[in-house]
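The values are calculated or read from the model by the stated rules, or taken from the named source; none is laboratory data. Keep in mind the model is a prediction, meaning the values are calculated, not measured. Reconstructed Cβ throughout: ideal geometry from the backbone, glycine too, with neighbour counts over all protein chains shown.
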Amino acid sequence: MVMLRLGRVNTVVISTADAAREVMRDQDSAFASRPRLTVPRRLLYGCTDIAFAPHGAYWRAARRASVLHLLGPARVRGYRAVREEEVGELLQLVEVAASGGVMRLSELLSAFAKDFAVRKCAGYTWR
């Protein structure tokens with residue numbers, strides 16, 4: 001394991017399978033905390049969302065609810081048509097961008113993720 005300081009955040013790099021097993025299985029609660037950042041705390045109502053909530057009972061309940069209501073097998077199957085349509089549009093954008101030479105794939109994938117999430121959660125197209 002190697003510890004790096006990336007800006008104000010201490011980061012541990014796990015580089016072997018044995019160390020990863022130790023961290024993920026035996027020491028998971030010690031390594032599960034998230035950094036306390038100002039922006040998420042101010043924008044996300046005190047870090048009460050699943051991505052930035054501190055590991056604990058609240059986070060486990062939020063994760064359980066999201067898996068049950070958003071990521072369960074029936075829900076994932078139900079989003080198939082939306083996924084296929086959004087992937088089709090992504091491929092069209094890649095084809096158009098590739099014909100012009102250089103393309104910024106990270107921007108296209110970011111837009112795809114945003115568009116899919118908005119359609120899945122809000123039921124309408126962002127564009």
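One residue stands out among those in the stretch 48-58 that are more than 15 Å from the chain's Cα centre (by Cα) and free of Cβ contacts under 8 Å to residues at least 24 places away in the same chain: the one that is nearest to residue 2 (Cα to Cα), which is 54. Counting only helices (runs of 4 or more DSSP H) that sit completely within the stretch 15-114, those holding 2 or more residues that are modelled with pLDDT of 85 or more and over 26 Å from residue 125 (Cβ atoms) correspond to 17-21, 57-69. Taking the stretch 15-31 as the range and being surrounded by 11 or more Cβ atoms within 10 Å (Cβ to Cβ) and over 20 Å from residue 55 (Cα atoms) as the test, only 19 passes. Within the stretch 98-125, residues that are touching a residue at least 12 places away in the same chain (Cβ under 8 Å) reach partners that are basic (Lys, Arg) and surrounded by 10 or more Cβ atoms within 10 Å (Cβ to Cβ) with beta carbons closer than 8 Å, at six or more positions or on different chains, in the pairs 116/83. Residue 99 falls short on exactly one of the conditions (1) over 16 Å from the mean Cα position of the chain (by Cα); (2) closer than 25 Å to residue 31 by Cβ, and that condition is (2).
Could you please find all residues in the stretch 26-36 being under 18 Å from residue 7 (Cβ atoms) and within 17 Å of the chain's Cα centre (by Cα)? Passing the criteria: 33, 34, 35.
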